[in-house]
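One structure below.
The values are calculated or read from the model by the stated rules, or taken from the named source; none is laboratory data. Bear in mind that the values here come from a model prediction, so they are computed numbers and not experimental data. FYI the Cβ positions are ideal-geometry reconstructions off the backbone, even for glycines, and counts take in every protein chain you see.
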Amino acid sequence: MRVFLTGASSGIGEALARHYAMRGATLGLVARRADRLESLKSSLATPAESYVVDVRDLPAMQAAARDFIAKHGVPDLVIANAGVSHGTLTECADDIDVFRQILDINVIGMVNAFHPFVAPMREAGRGVLAGVASVAGYRGLPGASAYSASKAAAIRYCESLRVELRGTGVRVATICPGYIATPMTAKNPYPMPFIISAEDFARRFARAIDAGSTYAVIPWPMAIVAKLLALLPNALYDAAFSRAGRKPRKG
């Protein structure tokens with residue numbers, strides 16, 4: 001099995017890399033932090049290529065994809081996992097660049113991760129493109145407007161791509177994590193129901209991919225919570241969440 005993965009240097013990405021390495025997969029690992037990436041690669045007992053690339057850099061992503069395909073062939077699974085999260089407030093001028101960063105990495109970065117593989121996978125008539133979104137994309141969270149918007153966009157982007165590729169043999173899977181214990185969520189100053197470890201998430205992610213899922217919320221109880229929140233009338237939702245804890249802003 002060949003797996004190409006972005007955001008591989010920590011959190012969910014690292015857990016996914018380790019999980020697929022234990023299954024004997026050949027890995028293509030993408031991240032911005034060279035030291036963390038090389039440390040991960042050297043700890044894996046499986047063939048792995050590392051690419052120190054920012055997913056916002058399309059030419060670099062294309063070059064990494066070409067290199068991986070030349071050495072190992074077309075991946076069986078491409079996981080667009082790279083993502084960032086910071087608290088944001090529209091009235092704060094300093095946050096405008098943070099909005100742009102979050103949307104560029106979480107949405108355009110996903111497009112850049114998938115783009116170089118669509119044509120080779122279509123030609124091969126096989127493969128899975130898995131986008132890591134979030135239940136935060138179901139409704140707008142106060143103080144996290146950029147993150148919520150980016151994940152809502154990721155969900156709809158993957159849905160559009162799934163329909164576009166229907167009948168080609170290429171499957172698109174949208175995976176929506178709930179709360180996962182990672183450095184990203186460690187800063188959250190509020191309760192996180194049904195939180196699971198990154199390792200547990202990786203196992204459940206792989207089961208969903210193996211089962212042929214095109215959409216999965218992990219862990220499953222968060223799917224119920226998210227769907228109920230989506231059904232709440234605005235007045236009730238606003239009253240409940242206007243008092244909710246908020247993620248710290250960057251800085």
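Before moving on, here are some points about what is shown:
- Enumeration of residues in the stretch 23-45 that are closer than 27 Å to ALA119 by Cα and either among the hydroxyl-bearing types (Ser, Thr, Tyr) or assigned to a loop (DSSP other than H, G, I, E, B) (or both): ARG23, GLY24, ALA25, THR26, ARG32
- Filter pass, ARG18 being surrounded by fewer than 21 Cβ atoms within 10 Å (Cβ to Cβ), at pLDDT 95 or above and either of a type in the set (Val, Ile, Thr) or within 24 Å of ALA181 (Cα to Cα) (or both): yes
- Criterion (over 15 Å from the mean Cα position of the chain (by Cα), under 21 Å from THR182 (Cα atoms) and of a type in the set (Val, Ile, Thr)) met by exactly one of THR88, THR46, THR26: THR88
- Test: residue in the stretch 116-123 that is in contact with a strand residue (DSSP E or B) (Cβ under 6 Å, 6 or more places away or on another chain) and within 19 Å of GLN101 (Cβ to Cβ): no
Here is a yes/no grid of residues against (1) without any contact (Cβ under 8 Å) to a residue 40 or more places away in the chain; (2) touching a strand residue (DSSP E or B) at 6+ places or on another chain (Cβ under 7 Å):
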{"site": "THR90", "(1), (2)": "no, no"}
{"site": "ALA93", "(1), (2)": "yes, no"}
{"site": "ASN106", "(1), (2)": "no, no"}
{"site": "VAL111", "(1), (2)": "no, no"}
{"site": "PHE114", "(1), (2)": "no, yes"}
{"site": "GLY125", "(1), (2)": "no, no"}
{"site": "VAL132", "(1), (2)": "no, yes"}
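- The helices (runs of 4 or more DSSP H) found wholly in the stretch 197-241 and carrying at least 1 residues that are of a type outside the set (Lys, Arg) and either in contact with a strand residue (DSSP E or B) (Cβ under 9 Å, 6 or more places away or on another chain) or closer than 14 Å to ALA15 by Cα (or both) occupy 198-210, 221-231.
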